[in-house]
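Take a look at the structure set out below.
The values are calculated or read from the model by the stated rules, or taken from the named source; none is laboratory data. Just so it is clear, the model here is predicted, and its values are computed rather than measured. Here the Cβ is made from the backbone with ideal geometry for all residues, glycine too, and neighbour counts use every protein chain on show. Quick note on the areas: whole protein, heavy atoms, side chains included, nothing else; ligands and nucleic acids left out. Shrake-Rupley method; radii C 1.70, N 1.55, O 1.52, S 1.80 Å.
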Amino acid sequence: MTRVAKREGERGAALVEFALCATLFLTVVFGVLEFGRMLWVHNALADATRRAARYAVTRGKSNEPSSETQQAIKNVAVYGNPEGSGNPLVDGLAPGQVLITFSDDYGLGAGSVLVEIDKYEFRFVVPLLGTKMQMPAYRTALTSESAGFVPDPI
């Protein structure tokens, strides 16, 4: 009889233990998933600036690159191609967030270009720490290349 009384006092204990453990376990799992996603976005944004800067230094041929050239560079950063077709490589990234700065002496084999992605907000899928987080600015600067162009002898 005492054995039955003891079990009645423990009724629901397993359910409470499961609820506590499951909450902790799922919080850790979703935290790891969100951190992994944030790391992927970080790498994708850094790669986007490198890709756009590389495209810029192999295409630019004048001190004042045209607006079409600058838009193509922004499209390479956002969409991965100069036409700007398809979906953005990173959700929420727009061409307006890509800044391009050419040095004053920019041309074939001279000067440099700086491509920067600024003010990108990472949005959490599971709102554990809030709904969004400001990512740091991503910058890549490369010097211009001749791209195989051989200038006339002086």
So which of Gly80, Gly96, Gly130 is surrounded by fewer than 13 Cβ atoms within 10 Å (Cβ to Cβ) and at pLDDT 90 or above? Gly96
Just one of (1) under 19 Å from Arg139 (Cα atoms); (2) at pLDDT 90 or above; (3) open to solvent by 20 Å² or more (accessible area, probe 1.4 Å) trips up Asp104, so point out which. (2)
Out of all the residues in the stretch 133-152, which are part of a strand (DSSP E or B), open to solvent by 80 Å² or more (accessible area, probe 1.4 Å) and either aliphatic (A, V, I, L, M) or modelled with pLDDT under 70 (or both)? none
Scan the stretch 107-127 for residues that are within 30 Å of Val32 (Cβ to Cβ), modelled with pLDDT of 85 or more and not acidic (Asp, Glu) and jot them down. Ile117, Lys119, Tyr120, Phe122, Arg123, Phe124
Would you check if there is a residue in the stretch 29-38 being among the β-branched types (Val, Ile, Thr), part of a helix (DSSP H, G or I) and free of Cβ contacts under 8 Å to residues at least 24 places away in the same chain? yes
Some residue of the stretch 51-66 being among the β-branched types (Val, Ile, Thr) and at pLDDT 90 or above: no
